[in-house]
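Enquirer: Please find one structure pasted underneath; my questions will follow.
The values are calculated or read from the model by the stated rules, or taken from the named source; none is laboratory data. Every value quoted in this text rests on a predicted model; they were computed, and no experiment measured them. Because the Cβ atoms are built from the backbone with ideal geometry, glycine has one as well, and the counts that use them run over all protein chains shown. Side chains included, ligands, DNA and RNA excluded: accessible areas come from the protein's heavy atoms. Shrake-Rupley method; radii C 1.70, N 1.55, O 1.52, S 1.80 Å.
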Amino acid sequence: MQVILDQFKATVAKAYAQKTPLQIGGGGTKHFYGNAVPQTHMLLDTRPYHGIVAYEPTELVITARAGTQLADVQALLDRHGQMLAFEPPFFGESATLGGCIAAGLSGPRRAAAGAVRDFVLGVRLLSGKAEDLSFGGQVMKNVAGFDVSRLMAGAMGTLGLLLEISLKVLPKPPVDLTLRMAMDQASAIEVMNRWAGRPLPISATCFTDGMLTIRLSGAESAVKAAHVKLGGEELDDGAAFWQSIREQTHDFFQSPQPLWRLAVKSANAPMSLPGNVLIEWQGGLRWLSCDDPEAVERIRKSAKEAGGHATLFRRNGLATAVFHPLDGNMMRIHRVLKEKFDPAGILNPGRLYPEF
Amino acid sequence: MSVQSLVTRLRTFLPPESVLFEAEDLRPYECDGLSAYRQLPLVVVLPRNEDQIAQILALCHETQTPLVARGAGTGLSGGALPHAQGVLMSLGKLKQIIEIDPLARTACVQPGVRNLAISEAAKPYGLHYAPDPSSQIACSIGGNVAENSGGVHCLKYGLTVHNIMKLRVLTIAGELLEIGGESLDSAGFDLLALMTGSEGMLGIVTEVTVKLIPIPEKAQLVMASFDDVQKAGNAVANVIGAGIIPAGMEMMDKITIHAVEEFLHAGYDLNAEAILLCESDGAAEEVVDEIARIHAIMQQSGAINISTSQTEAERLSFWAGRKAAFPAAGRVSPDYYCMDGTIPRKHLADVLQGIEYLSQQYGLRCMNVFHAGDGNLHPLILYDANQPGELEKAEEFGGKILEMCIRVGGTITGEHGVGMEKINQMCTQFRTGELEMFHAIKAAFDPQGLLNPGKAVPTLHRCAELGAMHVHRGEEKFTDLPRF
């Protein structure tokens, strides 16, 4: 692995010296996500730097190299009855751990368990000057130095080339039960929020097409008791349903229209926007399939008014900025931070914002 | 800038009672919870709203005056230690709970609101704010954000960083940053994570939106005593290995058990080398199941005595001893010095042995309390500040403990922050490259270094002079620095 690491360092050092941009890529499963970057940028393939570095189930920590297949990480945890609790989407078998962290995407369990960034304990990375830096660590609690590790989650590879990541892992719940009940969107939003405010073992929620689907996870006794309290009809293959939501293979996501991701205040009422809606995260995540190119400004404005932001998750032909515009002060801080981590602007430039 | 002209300028926009400059008025602000470090500032200001904060920042920025922010002053690392040539800004007057949204389960509060006050305000809705540092009755949410505070329930419910959603922040140059959102994520870099635990170095938090979660239906506690620390450590690993994430998992060593028992008479087992407190909370059915499993694991792990709380009063009395560990230390010794290392749990027995060895070497007793679930160790070094040289010995002993934490793969601070106290150990934990990056991040927000200068991140010069250098993968640090 040292040889590969040396190659990475040489590649980044050369790109830094010559100011030639790199595009960092793993399995390419999230290539669709983020702003398009010119194909002329040299590809740095992270996959050769792979492998589990350390894993001790009773410490609840796994450390792996960024090029490790996400599936391998998951299979190893699975053998020990543990999981990545943020339930990351793969979007393809070849997904890597590094891509998972860089994209910062979390799945159905997010509202109950936390996001990718909540589980990041430490990272080792190469800066844009090819410096080999380590932040955070392999322990649950660590407040020494600024939290650079979590800053990497969702930065789309613009702040550093991830080398190793340490994550907190959690035991898998003994029992899952998926229930569904018919209701309209406004009622579903209210019910999801109300239930989230009660001590119930709800691990995922999804509303689409007049149907609310919820997943209960935990000890059998607790799941059964919650089923009695909440009612609803049991869904036979709950696991397949949640996988179809997480991996976006569900019918809702098959539309060729641009797909928007609106992260908003969970209790926000149904939003009057054109297109079809699928709701997750107790109301906090709203997918909008919308082919109206005129609606872009309305979508951004509505998301902001609802306390959040809108991302053009799948462009599907729509040519507009992917991520929600930042205000002037926030953009200044972003640009300065980028400059500190990557002074020559060689790491995935433009992938997150065209400005850097 | 002179005190007089600073006061004159401050009084143009602050009422007289919000500007303190007489020595006797400054005295209460000379230290935080770490009283070994004391310093009077030039001036103390007590703003009442964001507008006043902005004007104070503007004045400090214009006159290049250092500014240290302070919440309730309960911090244990000297993070709120004033600057001799600077302004100390207490945010204690900003204590308004702006809004509680029971349906969305959020509370928007000013930075001076006490941690516990949030949970009290949320209680009528069946909700609470999860992080519960031991000082929660007094500490402020702004301080919690600055330190990324934890508490006894953080293995299950997370630290401050996991439980806040949005911050309003003013930079020293007066830029307003709205970081995070009412949504579960936000656009761009995760500045919410960067700001949390930044020890007042990057900006001043003027408003915090926190996440509220349901109050568990039931909580129950198992207390198990062991005749061997290693067995107790194994019991912790066995509980977690069985797929249980306890709501709280605390350990006390023998000297702590004796000290608190003498103080409280909580009925702790005086024959034990270690006592574990393991709490389960959640839905009633789940707690019953989990407690039975925890009980069985404690038995299999060789516990010599196991009790399970049968009533809420009993649960609280089991906890009382653990919560009294610090006051008990204060009773058995004139002074104590609280450390805050985190280690991979598997090294617990070795580290405790190492502490015992150091304790004999320095001739100072040390009590150990441990957030066992997440590996966060709080050795309490007992000393007498009136004995010449004892404080220095205690500090050196503490430094050695932290270095041992680093050696076993841990960290010098789990939840108390670096502040002034652990600045030297930062040189051991990090290399030049990381420290330079920390300085670069600081400069991105505060190019002139006016906010809380000299804290949290040591200068490379300081590390080089200390000679406490971290040689990582055979590389030597600071090759570009002159040696003296």
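Enquirer: Assigned to a helix (DSSP H, G or I) and outside the structural domain of B:Leu167 (by TED's automatic domain parsing), is that true of B:Ala237?
Expert: It is true that B:Ala237 is assigned to a helix (DSSP H, G or I) and outside the structural domain of B:Leu167 (by TED's automatic domain parsing).
Enquirer: Considering only residues that are open to solvent by 20 Å² or more (accessible area, probe 1.4 Å), over 18 Å from A:Gly345 (Cα atoms), at pLDDT 95 or above and facing another protein chain (nearest Cβ under 7 Å), which ones fall in the stretch A:123-147?
Expert: Of everything in the stretch A:123-147, those that are open to solvent by 20 Å² or more (accessible area, probe 1.4 Å), over 18 Å from A:Gly345 (Cα atoms), at pLDDT 95 or above and facing another protein chain (nearest Cβ under 7 Å) turn out to be A:Ser134, A:Asp147.
Enquirer: Residue by residue through the stretch A:265-290, note down the ones that are among the basic types (Lys, Arg) and touching a residue at least 40 places away in the same chain (Cβ under 8 Å).
Expert: Listed by number, the list holds a single entry, A:Lys265.
Enquirer: Hey, another quick one. Among the numbered conditions (1) free of Cβ contacts under 8 Å to residues at least 60 places away in the same chain; (2) closer than 12 Å to B:Ala72 by Cα; (3) crowded, with 24+ Cβ neighbours inside 10 Å, tell me where B:Pro131 comes up short.
Expert: All conditions pass for B:Pro131, except number (2).
Enquirer: How many residues are assigned to a helix (DSSP H, G or I), open to solvent by 20 Å² or more (accessible area, probe 1.4 Å) and out of contact with any Phe, Trp or Tyr (no Cβ under 9 Å at 6 or more places or on another chain) when one looks only at the stretch B:33-77?
Expert: 6
Enquirer: Another one. Please verify whether A:Ser221 is at pLDDT below 95 and surrounded by fewer than 24 Cβ atoms within 10 Å (Cβ to Cβ), treating the condition exactly as stated.
Expert: It is true that A:Ser221 is at pLDDT below 95 and surrounded by fewer than 24 Cβ atoms within 10 Å (Cβ to Cβ).
Results for (1) within 14 Å of another protein chain (Cβ to nearest Cβ); (2) part of a loop (DSSP other than H, G, I, E, B); (3) open to solvent by 60 Å² or more (accessible area, probe 1.4 Å), shown as yes or no for each residue.
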{"site": "B:Leu316", "(1), (2), (3)": "no, no, yes"}
{"site": "B:Ala320", "(1), (2), (3)": "no, no, no"}
{"site": "B:Pro327", "(1), (2), (3)": "no, no, yes"}
{"site": "B:Val351", "(1), (2), (3)": "yes, no, no"}
{"site": "B:Glu356", "(1), (2), (3)": "no, no, yes"}
{"site": "B:Gly373", "(1), (2), (3)": "yes, no, no"}
{"site": "B:Leu377", "(1), (2), (3)": "yes, no, no"}
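Enquirer: Could you pull out the residue among A:Gly283, A:Gly317, A:Gly307 that is at positive phi and away from chain B (no Cβ under 14 Å)?
Expert: Result: A:Gly317 is the single residue among A:Gly283, A:Gly317, A:Gly307 that is at positive phi and away from chain B (no Cβ under 14 Å).
Enquirer: Restricting the stretch B:153-180 to residues that are over 16 Å from A:Leu151 (Cα atoms), of a type outside the set (A, V, I, L, M, F, W, C) and more than 20 Å from the chain's Cα centre (by Cα), which is farthest from the other protein chains (Cβ to nearest Cβ)?
Expert: B:Arg168
Enquirer: Right, B:Ser307: in a strand (DSSP E or B), within 14 Å of chain A (Cβ to nearest Cβ) and of a type outside the set (A, V, I, L, M, F, W, C) or not?
Expert: Criteria not met by B:Ser307.
Enquirer: Out of the stretch B:329-345, which residues are open to solvent by 10 Å² or more (accessible area, probe 1.4 Å) and not charged (D, E, K, R)?
Expert: B:Gly330, B:Val332, B:Pro334, B:Tyr336, B:Tyr337, B:Cys338, B:Pro344
Enquirer: Which of the residues that make up the stretch A:245-268 are within 16 Å of A:Leu212 (Cβ to Cβ) and not β-branched (Val, Ile, Thr)?
Expert: A:His250, A:Phe252, A:Ser266, A:Ala267
Conditions tested, residue by residue: (1) on the phi < 0 side of the Ramachandran plot; (2) out of contact with any helix residue (DSSP H, G or I) (no Cβ under 6 Å at 6 or more places or on another chain).
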site: A:Glu93; (1), (2): yes, yes
site: A:Cys100; (1), (2): yes, no
site: A:Ala103; (1), (2): yes, yes
site: A:Ser127; (1), (2): yes, no
site: A:Ala130; (1), (2): no, no
site: A:Arg150; (1), (2): yes, no
site: A:Gly154; (1), (2): no, yes
site: A:Leu162; (1), (2): yes, no
site: A:Lys168; (1), (2): yes, no
